[in-house]
Amino acid sequence: MYAGYDMQAVDAKSVRELRFEIEEFHTEYCNMLDRGALDQWVDFFAEDSLYRITARENADAGLRVGLVYAEGRGMIRDRAFAIMHTQMFAPRYMQHFTSNVQVISVEGPDLGLGDGSLIKAQSNYLLLQTLVDGPTTIHQSGRYYDTFVREKGRLLIRERQCIYDTVLIANDLVYPV
Amino acid sequence: MFSANTVIGQTGSFAKEKPREEGHEFKWPAEGLTTVPDWIYTSPEIYEREVERIFHGRTWNFVALEAEIPNPGDYKRSFVGPTPVVVSRNTDGTVHVFENRCAHRGVEFCRQPLGNAKEFVCPYHSWSYDLVGNLQGIPFKRGVKGEGGGMPKDFKNADHNLTKLKVTVLHGVVFASFAEDMEPIEAYLSPEILKDFNVVFKDRKLKILGYYRNELPGNWKLYHENLKDPYHATLLHSFLVTFGLMVAGSKNGMIADPKGRHGTLASAKPDNVATALDDEVKKEMRAYREDFKLADGRFLDYVREFDSPWSVTMQTIWPNFIVQRELNTLGIRHIVPNGPHSQIMLWTMFGYDTDDEEMTRHRLRQGNLMGPSGFLGLEDNEAIKFLQEGVRRSPSERGVLKLGGTSTGSTNSVIDEAAIRGMYAYYREEMGL
Ligand SMILES: [Fe+2]
């Protein structure tokens, strides 16, 4: 449970539609990351957005630090550029798996289907890392707490909190979650 | 555990990582401090000697920030070297450190990273201890009526307290030692180091922003070397050089204490790095990226909140403590050695209680520089891992520390390894090498 993401009463029929839409969002988002197409990462975010990766212990204690903490699309773009072009790290492959998508609350026109709607959801994620000269390991087990905003019919991230249970990180986390 | 993710040449599979034959004497190379033998990073005997003589010896080890345990009964699970301890605040406000090992059967009883307690109870047989580590109660101490059992008549609780460490607190930073006769912490740090330590901590109330934890598959000394090595800072980190946070040719300093064990890597950010650097310097620094422009440069802003000529001070405090003041992102790193090939890094990031919302957010944004996903932090973690793999797996035996000649201690130039040599001069003495 993450603060601000308490389960609300939601319309059962629209929720099914929204859940499917969020699953599709995750699929596209994770495919983009797993392909290493980080220059497209920013396209999943609304202009005024917050992206944070933090350990469960911080989230539980209400502590605000982020392993990655980006306010707005500019910071997302800068991190993508840095990882793609300037950072030094060993080569690796990442694979994301998401599941257990649950719509938490819906606010706005047409039960979340209209522009300007805010949809909150949580999903589990599993992040596998393969260092090219090593085994494939579970790098993070975590949960997304998402607030999506609908713009021109499309969902964009207003807030994504990536809360990982794998508090003790194996050396580092290079790519976004 | 994670260092075992290595498949090619798992730890312990090379000759350098195995115990030497009976009576083997480790001898530092005759060349002296310009040469570092690989076995200081790989040998299990050397690691054991380090724990005994350094972490359990005459050193002050960082264990906690007072801000983490502000109230009576607050505690933190911590470490001195690899040894688990508990840091506890008593009802009278004093801070105590004792081993996290039940005096009965050795159970590591405290499991929560942070908490509040009236007493500590070992879950196995319910032996209980007060907030200073004294044994309070033993269930069925006198046995069961009619069945006998229980402790012998001469059993005294006072003989079975938790093992207590010496404790000292300086400006909200808690240190502990297994040694009985430590010098005062100010003398231990030295005036040279105290100066920049005070900039961060003196007359400040910290506001904890959160934690990072990671396993770094490299010897613990490599982290000290990293921050006594300004040379790498100007070469490895494109963020430092491209945005002028630390570049060769601008105002820098590597300040060591007289014994050479602590250090402050200091830098003053030039106002405009593009004009501050001449083309000669740019050419040498491969990490300099003229084409790298930030879409949102706010996070590199420097709010001049300190009375100090330096915009960056990275302090290495022997043997397990790093104080990070990188512009306005503040934090400490607690090194927990984890065998010759691994260390656990415990990061606590903080601001001050006087910060307003915008300052807190500035620190959070700037935090992207450091930590296991930091633009600087992750590069150091990778480089240290590569170094450990190199020394473990290769049959060659020697590293070279010749930048700046044979001098030891403080330098103004960043193209110098005198501070690392100074640290090893001290280390050799402590270790009898
Ligand atoms: Fe570095």
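Nothing in this text is a laboratory measurement; each read-out follows from the coordinates by a stated rule. The structure presented is a predicted model; accordingly, all values stated were derived computationally and were not measured. Methodologically, a virtual Cβ is constructed for each residue, glycine included, from the backbone with ideal geometry; neighbour enumeration extends over all protein chains shown.
Quick look at the values:
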quantity: In nm, spacing of pseudo-spin labels at residue A:90 and residue B:306 (7 Å Cα→C-beta vector); calculated: 3.3
quantity: Cβ-derived FRET efficiency at R0 51 Å, residue A:110 paired with residue B:207, nearest 0.05; calculated: 0.75
quantity: For chain B, built as a Gaussian network whose Cα springs stay under 10 Å, the top-fluctuating residue of B:361, B:142, B:213; calculated: B:142
quantity: Helix A:12-35 axis, angle to chain A major axis (alpha carbon atoms, nearest 10°); calculated: 20
quantity: Equivalent ellipsoid semi-axes - Cα gyration tensor, segment A:67-150, angstrom; calculated: 31, 19, 9
quantity: Residue-averaged beta-carbon neighbours from other chains (10 angstrom radius) around A:85-92; calculated: 6
quantity: Whether the protein assembly as shown is rounded, prolate or oblate, judged on the alpha carbon gyration tensor where a/c under 1.5 counts as rounded; calculated: oblate
quantity: 10 Å Cβ neighbours from other chains, averaged over peptide B:372-378; calculated: 6
quantity: Among B:35-41, B:307-313, the order from most to least packed when residues are scored by Cβ within 10 Å on average; calculated: B:35-41, B:307-313
quantity: Antiparallel DSSP beta bridges within the protein assembly as shown, percent to nearest 5; calculated: 90
quantity: Chain A: most fluctuating residue of A:40, A:161, A:95 per GNM, C-alpha cutoff 10 Å; calculated: A:40
quantity: Cross-link table B:195/B:259; B:76/B:207; B:283/B:402; B:76/B:166; B:16/B:402; B:118/B:141, entries beyond 18 Å C-alpha to C-alpha; calculated: B:283/B:402; B:16/B:402; B:118/B:141
quantity: Extension gain, residue B:433 back to residue B:358 (0.36 nm per residue minus Cα-Cα distance, nm); calculated: 21.9 nm
quantity: Using a Förster distance of 60 Å, the FRET efficiency for residue B:179-residue A:31 (Cβ separation, nearest 0.05); calculated: 0.60
quantity: q = 0.06, 0.09, 0.13 Å⁻¹, chain B: log10 I(q)/I(0) [Debye, one scatterer per Cα]; calculated: -0.28, -0.61, -1.20
quantity: Solitary cysteines of chain B, where the nearest other Cys Cβ is not under 4.7 Å; calculated: B:110
quantity: Tail beyond 34 Å, pair distance distribution of segment B:191-431 (Cα, percent); calculated: 12
quantity: Interchain or long-range residues, amide H under 5 Å from residue B:320's placed H; calculated: B:62
quantity: Residues listed by number, segment B:224-253, amide nitrogen under 16 Å from residue B:400 label point at 7 Å toward C-beta; calculated: B:232
quantity: Stokes-Einstein D (µm²/s) once Rh is taken as the Kirkwood radius of segment B:61-168 over alpha-carbon pairs, at 37 °C in 0.692 mPa s; calculated: 227
quantity: 10 Å Cβ neighbours from other chains, averaged over peptide A:159-170; calculated: 3
quantity: Semi-axis lengths (Å, descending) of the ellipsoid that matches the C-alpha gyration tensor of segment B:204-301; calculated: 26, 19, 15
quantity: Rounded, prolate or oblate (a/c below 1.5 giving rounded, otherwise prolate when a/b exceeds b/c) for segment A:12-164 by Cα gyration tensor; calculated: prolate
quantity: Gaussian network model of chain B, Cα within-10 Å springs - most flexible of B:205, B:145, B:402; calculated: B:145
